[in-house]
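Below is one structure, written out as structure tokens; the observations come after it.
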Amino acid sequence: ENVLPPPCDSEIYCTGSILDQVQKAKLYDDDKYFVDMKLKVAPDIILSAFKNLSSVSPTVPREKLQEFLNMYFEKPGTEFETWTPPDWHSNPAFLNKIKDTQLREWALNIHQLWKLLGKKIQDSVKDHAELYSQIYMPYPVVVPGGRFRELYYWDSYWVINGLLLSEMRDTAKGMIQNFLHLVDRYGCVPNGGRIYYERRSQPPFLTLMVENHYSQHKLFKNVQTLLDQEYSFWMQNRSVLVSVNGNNHSLNRFDVQVGLPRPESYTDDLELAEGLTEGKASKQQLWMDLKAGAESGWDFSSRWYISSTGQNSGTLKDIRTSQIVPSDLNALLCRTEKVLASFHRIMGSNESAVQYEQAAQNRLRAMDAVLWDDQQGAWFDYNLQTGSKHLQFYPSNLAPLWAECYSDEKAHKAVEYLKGSGALKYPNGVPTSLVESGQQWDYPNAWPPLQHMLIEGLSKVPSEDAKQLAEDLAQKWIRTNWKAYTTYEAMFEKYDVNGDGKPGGGGEYEVQLGFGWTNGVALQLLDQYGASLTSGSRHSSPGLLLIFLLLLSLLFTLH
Ligand SMILES: OC[C@H]1O[C@H](O[C@H]2O[C@H](CO)[C@@H](O)[C@H](O)[C@H]2O)[C@H](O)[C@@H](O)[C@@H]1O
């Protein structure tokens, strides 16, 4: 088990006795608080001061620990300087597309939020990296908000799409440059901008970020090289061979070969591992699969459970993320391969373009063979332990529609699957699953990125029916976000499908507000469907109400 590397090399933020004792003492409500604090002096001085302190009593009493923290650590959030995005202006064109005046006003409020969520990291983080867990970024970042005081990888895809609608091209470009810088430094994009995230990633959206931003711009050779490098990271470290009907298929999974508890959720991981009887090795396995769950972005969900009987059931202790081949990750990589092929064509490197096209075709074939279920009519996660699919509903079962990675008539079947799944009956969005596990990536929570991928996927299906469904889901989601906003004056990271404007819950931390991807998705839907969306239900739109009143008065006249 010692072969596994720790989450990072810092003996304060990722391993060691200070981390262990401070987190176990539960001095703060959230374990993330301590690992986000800045050191007041060099790590060596802090380590030897702690050594002295624990030589008196190996378990340092709570009050002494608090004194020690007051002396050597600063509260989180001090690493930013005051900054307002210079490319922010008050009237981006997309606002004029929104017909409902209340929604238009709200969109302007959301647009204003970029000024609060945009942060510039001080130069001292670059010059004295050893004092911070925050990773220095050369360009300003837009953070999700709340406890998330750093850049997040997959969140930023929706943030950047929102920034582009807000006509903040420089801020969006800076975000992308930060991610390219991270690939250059780490070989992949870490989960988020903290050193304790550096040995795991998140769903790889960088190529699609570049595609959206550079569509009207020149693509540079060095950008292409870094995108290729990120792709290689996923192929070299996250591939798995699946054998079906005598054929081998290469697909991808989330898999983090890193030991120890997650520093930012240290006591959660320790407590979860407590009852394990099989010794330390199985603890390490649990912690690896928890990190792989975090890498998936779905931390945590029944989606990653494999119980002792091989079923997709159980509790968080049954998490086996690395033993599951996810449909959405493979759909995303398929779309990435196609975009990388087109980038290489633009750059004139036809040989590489052909290789990527071939990779996309191979993946399509693998997804057909391993993930597609013709009887059900959707793509399901594949369990490597049992060699079977998990047939429970998750919006990720429809991800290939969003990625446009499917063959034949599958799209129409998938729309029928969705209609029959039971997931469309909720008034406030599509739930993350139909299982109430207490985890945040399950029922009754609905998450912005999943709503967006589903809506975009349906809107691309060549059928009026699917397009109408997409629009109906957009209306539901906007109404949920709007209702919560009118009640709490806030945008949340997730919502409750039954709550009529109620934020989501569950999982290991309180629901957060801010919120980067929620804002990005709301702006995208308001842009796309702004001509028809209303702040009330569809039936209370002024047009329909007027027709209803006219009919009513006609009836009265006839009588
Ligand atoms: O601290 C617990 C976990 O928090 C993050 O996950 C959640 O927030 C992220 C930021 O919005 C989001 O990307 C992720 O999908 C959420 O589940 C973090 O990414 C995890 O690594 C961390 O353990």
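Taken across region 41-51, residues that are closer than 16 Å to residue 134 by Cα, open to solvent by 10 Å² or more (accessible area, probe 1.4 Å) and either at pLDDT below 95 or not β-branched (Val, Ile, Thr) (or both) do occur, with at least one present. In region 293-308, the qualifying residues are those that are open to solvent by less than 10 Å² (accessible area, probe 1.4 Å), assigned to a loop (DSSP other than H, G, I, E, B) and not hydrophobic (A, V, I, L, M, F, W, C), and the one that is farthest from the ligand (Cβ to nearest atom) is 301. Report the residue count in region 122-145 for those that are over 30 Å from residue 47 (Cα atoms) and either near the ligand (Cβ under 10 Å from one of its atoms) or of a type in the set (Asp, Glu) (or both). Here the count works out to 3. Among the residues of region 438-472 satisfying the criterion of being within 16 Å of the ligand (Cβ to nearest atom) and among the polar types (S, T, N, Q), which is farthest from residue 512 (Cα to Cα)? Result: 451. A single member of 337, 351 is outside any loop (DSSP other than H, G, I, E, B), charged (D, E, K, R) and open to solvent by less than 20 Å² (accessible area, probe 1.4 Å), and it is 337. Scanning region 488-532 for residues that are away from the ligand (no atom under 16 Å from the Cβ) and closer than 14 Å to residue 455 by Cα turns up 523, 524, 525, 526, 527, 528, 529. Taking the listed residues 362, 312, 330, the one that is in contact (Cβ under 8 Å) with a residue 24 or more places away in the chain, away from the ligand (no atom under 16 Å from the Cβ) and part of a loop (DSSP other than H, G, I, E, B) is 312, with no other qualifying. The C-beta contact set for region 292-305 (first residue without any contact (Cβ under 8 Å) to a residue 40 or more places away in the chain, second residue within 8 Å of the ligand (Cβ to nearest atom) and open to solvent by 10 Å² or more (accessible area, probe 1.4 Å), distance under 9 angstrom, 6+ apart or interchain) comprises 293/299.
None of 241, 286 is in contact with a strand residue (DSSP E or B) (Cβ under 9 Å, 6 or more places away or on another chain), aliphatic (A, V, I, L, M) and within 16 Å of the ligand (Cβ to nearest atom) except 286. Please enumerate the residues belonging to region 106-121 that are part of a strand (DSSP E or B) and within 15 Å of the ligand (Cβ to nearest atom). Within region 106-121, just 119 meets the criteria. Are any of the residues in region 210-218 β-branched (Val, Ile, Thr), in contact with a helix residue (DSSP H, G or I) (Cβ under 8 Å, 6 or more places away or on another chain), modelled with pLDDT of 95 or more and surrounded by 23 or more Cβ atoms within 10 Å (Cβ to Cβ)? Checking region 210-218: at least one residue is β-branched (Val, Ile, Thr), in contact with a helix residue (DSSP H, G or I) (Cβ under 8 Å, 6 or more places away or on another chain), modelled with pLDDT of 95 or more and surrounded by 23 or more Cβ atoms within 10 Å (Cβ to Cβ).
Every condition in (1) part of a loop (DSSP other than H, G, I, E, B); (2) open to solvent by 30 Å² or more (accessible area, probe 1.4 Å); (3) in contact with a Pro (Cβ under 8 Å, 6 or more places away or on another chain) holds for residue 392 except the one numbered (3). Restricting 224, 257, 202, 236 to residues that are on the phi < 0 side of the Ramachandran plot, part of a helix (DSSP H, G or I), in contact with a helix residue (DSSP H, G or I) (Cβ under 9 Å, 6 or more places away or on another chain) and not small (Gly, Ala, Ser) narrows the list to 224. So, in region 148-177, of the ones that are of a type in the set (S, T, N, Q) and within 16 Å of the ligand (Cβ to nearest atom), which residue ends up surrounded by the most Cβ atoms within 10 Å (Cβ to Cβ)? In this case the residue turns out to be 156.
The values are calculated or read from the model by the stated rules, or taken from the named source; none is laboratory data. Just so you know, these numbers come straight off a predicted model, no measurement behind them. Using ideal geometry, Cβ is built from the backbone for each residue, glycine included, and neighbour counts are taken over all protein chains shown. Remember, those area values only see protein heavy atoms, side chains included, never the ligands or the DNA or RNA. Shrake-Rupley method; radii C 1.70, N 1.55, O 1.52, S 1.80 Å.
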